[in-house]
1. Which percentage, to the nearest 5, of the DSSP beta bridges contained in the chain is antiparallel?
2. Let's test the formula: R0 of 35 Å, r as the Cβ-Cβ distance of Leu89 and Ala29. What FRET efficiency results, to the nearest 0.05?
3. In terms of Cα to Cα distance under 16 Å, which aspartates and glutamates are near enough to Lys96, apart from those fewer than 8 places away along the same chain?
4. If each DSSP helix of 4+ residues adds -39,500 (n - 2.57) and the sum is divided by the residues in the chain, what number results at 222 nm, nearest 500 deg cm²/dmol?
5. With +1 assigned to the C-beta of every Lys and Arg and -1 to the C-beta of every Asp and Glu, and no other charges, what is the dipole magnitude of segment 1-42 about the Cα centre in debye, to the nearest 20?
6. Percent relative contact order of segment 1-126, based on C-alpha pairs within less than 8 angstrom and at least six residues apart?
7. Quick check: from the Cα gyration tensor, does the chain come out rounded (a/c under 1.5), prolate or oblate?
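What follows is calculated from the coordinates using simple rules that are stated; it is not laboratory data. This is a predicted model, so every value here is computed, not measured. So basically every Cβ, Gly included, is an ideal-geometry build from the backbone, and we count neighbours across all protein chains shown.
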Amino acid sequence: MTIKIVLADDHRMFREAIRASLLAEGDFAILAEAGSGRETFAALQQAAADILVLDIALPDMSGIDVAQQVSRQYPRIGIVALSGYSDKLFIQEMFKAGAKGYVLKSAATTELLLSIRAVHQATASCATS
């Protein structure tokens, strides 16, 4: 089964590196990329994503605000936060906003892969229950 992903991070080079790592796995499809909150919502309207990989620091709105809105508008999409912020407050706020996973940008790529798969599995099981 292919996991359909939207990547949202304001650093293009970082998105490109993540995209390449995910596509190398074979079971991921990148439906769209976004560099802002506004672009994220536009991408989600066009794509039937399973997972949103979301940075906390976007130029036009916080990832926490994006996560809150995505959770309300697209409850079947699993949100995995991918952030440079390791502060407990940011992590707690992302989970309160609806994220189901949180990976630090300093972590190994395998951590992101595991988180995406776990969130997808949990979200898919909730959708079928």
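1. Counting DSSP beta bridges with both partners in the chain, the antiparallel share is about 5 percent.
2. Details: r = 33 Å, r/R0 = 0.96.
Calculated value: 0.55.
3. Correct list for Lys96: Asp55, Asp65, Asp87.
4. -15500 deg cm²/dmol
5. Details: 5 positive and 7 negative charges, 19 e Å.
The dipole magnitude comes to about 80 debye.
6. Working: 217 pairs, mean separation 27.9, N = 126.
Normalised by residue count, the contact order of segment 1-126 is 22 percent.
7. Cα axes put the chain in the rounded bin.
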